[in-house]
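Peer 1: I am attaching a structure below and will ask some questions about it afterwards.
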Amino acid sequence: MQRVAVITDLHANLPALQAALARIDELGVDAIYCGGDLVGYGPHPNEVCALIAEREIPTIYGNYDYAIARDLEDCGCAYITPHDRELGQQSVDWTLAHTDQASKDFMRDLPFDLLFNVGETAVHLVHGSPRKVNEYLFEDKPASLYERLARAEDADVLVFGHTHKPWVHDYSGVQFVNCGSVGKPKDGDARGAFALLEADGDSVRVTIERVEYDAAAVALEVADAGLPTEFAEKLVLAA
């Protein structure tokens, strides 16, 4: 039985990535894929890029990766309040200043999406949506949206991230899988999240795995690095 792990939204959180990869190695999967957003918000952009490159994990770019690789000052994120926008800009500015050229070159070469199989099932990996790298596919959006996306989708399973909130649902014959976030969960559970896809006859069984790591220690690193203290607080609270 083939098993594939998909990690996404690492957000420069090296200990969370290391914990996720250790758990994935324990599970003995056949392949690992990464849905992007390697950098942003966290204190370890270069270490995360280096580890993904070292492990030769097939990876697509997220909206943050696209911006930082090209020295853009807009990460394509959505902000609810002016305060959120100000905090987000601090993250972009810090990440631009602390991401080395090797990491930027690595992210610049990443593709928009990937296609692969789990058993006999075709899987399409994107960051936000098949339409836009920064489109947010939240679980509570209208079913009509997902039915339209399903009609346009050639694969049987659509895997994505970007919202940092995991969910799995079938729409019009397509299985939608939001992997959550390894490095910056926002669903009230501070443990890192990733998706495990297992071949099951002519379909795929999906579980969202959670992995413990020392979020409090990383939160201290976030604050010590000069990033906004609210990022540190949200890392522990998964808010």
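Peer 1: Please work out the average accessible area per residue across the chain, using the 1.4 Å probe convention, and give it in Å².
Peer 2: Values: 10130 Å² over 239 residues.
Ligands and nucleic acids excluded, the figure is 42 Å² per residue.
Peer 1: From zero up to wherever the largest Cα-Cα distance of the chain sits, split into 10 Å bins and tell me the percent of pairs in each.
Peer 2: Spelled out per bin, shortest first, that is 8, 35, 38, 17, 2, 0.
Peer 1: Starting at the first residue of region 75-80, write each ³J(HN,Hα) from the Karplus equation 6.51 cos²θ - 1.76 cosθ + 1.60 with θ = phi - 60°, in whole Hz, x for Gly and Pro.
Peer 2: 7, x, 7, 9, 10, 7
Peer 1: Would you mind calculating the gained length between GLU147 and GLU26 on full extension (0.36 nm times residue separation, minus the Cα-Cα distance), in nm to one decimal? Before the final figure, lay out the partial values.
Peer 2: Numbers: separation 121, 0.36 × 121 = 43.56 nm, distance 3.61 nm.
Here the segment from GLU147 to GLU26 would lengthen by 39.9 nm.
Peer 1: What's the tally of Lys pairs in the chain whose alpha-carbon atoms lie under 23 angstrom apart, where the two lysines are 8 or more places apart or on different chains?
Peer 2: So the count of such lysine pairs works out to 14.
Peer 1: Tell me the angle of helix 14-27 to the major Cα principal axis of the chain, expressed in degrees between 0 and 90 and rounded to the nearest ten.
Peer 2: The angle comes out near 30 degrees.
Peer 1: Specify the angular offset, from 0 to 90 degrees and rounded to the nearest 10, of the alpha carbon long axis of helix 143-152 from the longest principal axis of the alpha carbons in the chain.
Peer 2: That helix lies at roughly 70 degrees to the long axis.
Peer 1: What is the percent carbon and sulfur in the accessible area of the chain, measuring with a 1.4 Å probe over the protein chains and ignoring ligands?
Peer 2: Its accessible area is 48 percent carbon and sulfur atoms.
Peer 1: If you wrap a convex hull around the C-alpha atoms of region 31-74 and split its volume per residue, what is the figure in Å³?
Peer 2: Measuring per residue, one finds 72 Å³ for the Cα hull of region 31-74.
Peer 1: Looking only at region 29-47, which residues have a backbone nitrogen under 17 Å from a spot 7 Å from the Cα of LEU220 in the C-beta direction?
Peer 2: 43-44
Peer 1: What is the distance, in nm, between label points placed 7 Å from the Cα along the Cα-to-Cβ direction at ASP105 and at ASP93?
Peer 2: Placing both labels 7 Å along Cα→Cβ, they lie 2.9 nm apart.
Peer 1: Report the accessible area of ILE60, computed with a 1.4 Å probe over the heavy atoms of all protein chains in place, in Å² rounded to the nearest 10.
Peer 2: Accessible area of ILE60: about 0 Å².
Peer 1: Could I ask something else about it? Short version: what are the Cα gyration tensor semi-axes of region 1-109, square root of 5 times each eigenvalue, largest first, in whole Å?
Peer 2: So the equivalent ellipsoid measures 26, 14, 12 Å along its semi-axes.
Peer 1: Spin-label point model (7 Å from Cα, Cβ direction): what's the GLU212 to GLU86 distance in nm?
Peer 2: 3.8
Peer 1: Tell me, what is the 1.4 Å probe accessible area of ASP37, in Å² to the nearest 10?
Peer 2: Number for this one is 0 Å².
Peer 1: How big is the gap, in Å, between the Cα center of region 160-239 and the Cα center of region 39-95?
Peer 2: Distance between centres, Cα-based: 16 Å.
Peer 1: Compute the normalised compactness of region 164-239: alpha-carbon radius of gyration over 2.2 N^0.38 Å, N being the residue count.
Peer 2: 1.36
Peer 1: Go through region 3-107 and name the chymotrypsin sites (Phe, Trp or Tyr not before Pro) that are in a DSSP coil and have 16 or fewer other Cβ atoms within 10 Å of their Cβ.
Peer 2: Answer in residue order: TYR79.
Peer 1: Using 0.36 nm per residue, how much length does the chain from LYS186 to SER203 gain when fully extended, once their Cα-Cα distance is taken away?
Peer 2: Between LYS186 and SER203, full extension yields an extra 3.2 nm.
Peer 1: Right, here's the next one. Determine the calculated [θ] at 222 nm for the chain from helices alone, applying -39500 (n - 2.57) to every DSSP H run no shorter than 4 residues and normalising by the residue count; nearest 500 deg cm²/dmol.
Peer 2: Mean residue ellipticity at 222 nm (helix-derived): -10500 deg cm²/dmol.
The values are calculated or read from the model by the stated rules, or taken from the named source; none is laboratory data. Model, not experiment: these values are computed from the prediction. Glycine also receives a Cβ, built like all others from the backbone with ideal geometry; neighbour counts cover every protein chain displayed. Side chains are part of the model used for accessible areas, which takes the heavy atoms of the whole protein and leaves out ligands, DNA and RNA. Shrake-Rupley method; radii C 1.70, N 1.55, O 1.52, S 1.80 Å.
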